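Engineer: Take a look at this one; I'll ask things after.
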Amino acid sequence: MARDLSPSCKRCRREGEKLFLKGERCLSEKCALSRRGAKERSRYSRRASAYALQLKEKQKLRLMYGMFEGQFRRFFKMAAKRGNPAIGLLLLLERRLDNVVYRIGWAQSRPQARQMVRHGHIAVSGHKVDITSYLVKAADQIELRKPEGASAQERAELVDTTKLVPWLSADSGGKKAQIERLPAAEDVADIPINTQLVVGLYSK
């Protein structure tokens, strides 16, 4: 499988916003965007067109969830078949297994969560799942496999059950979580992406 190996901080500076690709580093003083700011545009560059604004929002969302163009477009088509694609796309992306692992707190970033899933550290309803784009369902049980390992044990102990998103719950030990319900529109309202621009881009 192809991977994007470009520096994470360079992607954030290029888009001019934090995409939270490096976990705690993004919240610290070491964040390149905080220290150096967004990449400056030439003073001779023209004003951004409507297409450029749409493309930028799509790229931000795609990079945030760590997807390539073909897979991202496939998710958009799935969302378009289910009603409002502007909201439906975010709801589908939130249901991805790698994002769920990140939301639980077992990983500091989505790239780290993807690595955990690919390496077989996650089980869904008792079955090992190593597909990062797997869509979880309501009542699914998400489990951290082999939590006796030092790093896995540390991740489980760091889970703050009081800060989980409303559609997730975890046991007191932090080694198991459950999908209480599917995410709703109010659960994705704080994601800093204008998905209407993404819809406009793909609707042309």
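Engineer: Where the eigenvalues come from the Cα gyration tensor of the stretch 96-182, what are the semi-axes √(5λ) of the equivalent ellipsoid, largest first, in whole Å?
Structural biologist: 16, 15, 12
Engineer: Which pairs break 26 Å Cα to Cα here: 60/81; 128/175; 58/163; 77/176? Walk me through the numbers before you get to the answer.
Structural biologist: On the way: 60/81 23 Å; 128/175 15 Å; 58/163 28 Å; 77/176 32 Å.
58/163; 77/176, as the Cα separations exceed 26 Å there.
Engineer: Okay, next question. Can you tell me the FRET efficiency between residue 194 and residue 135 if r is taken as the Cβ-Cβ distance and R0 is 22 Å, rounded to the nearest 0.05?
Structural biologist: Efficiency computed from Cβ-Cβ geometry: 0.40.
Engineer: On full extension of the chain, what length is gained from residue 146 through residue 49, given 0.36 nm per residue of separation minus the C-alpha to C-alpha distance?
Structural biologist: 29.8 nm
Engineer: List, in order, the whole-Hz ³J(HN,Hα) value for each residue of the stretch 115-132 obtained from phi through the Karplus relation with A = 6.51, B = -1.76, C = 1.60 and θ = phi - 60°; use x for Gly and Pro.
Structural biologist: 5, 4, 5, 4, 7, x, 8, 10, 10, 10, 6, x, 10, 5, 10, 10, 9, 5
Values in this text are rule-based calculations from the coordinates and carry no lab data. All values reported here derive from a predicted model rather than from experimental measurement. As a convention, Cβ positions derive from the backbone with ideal geometry for all residues, glycine included, and neighbour counts pool all protein chains shown.
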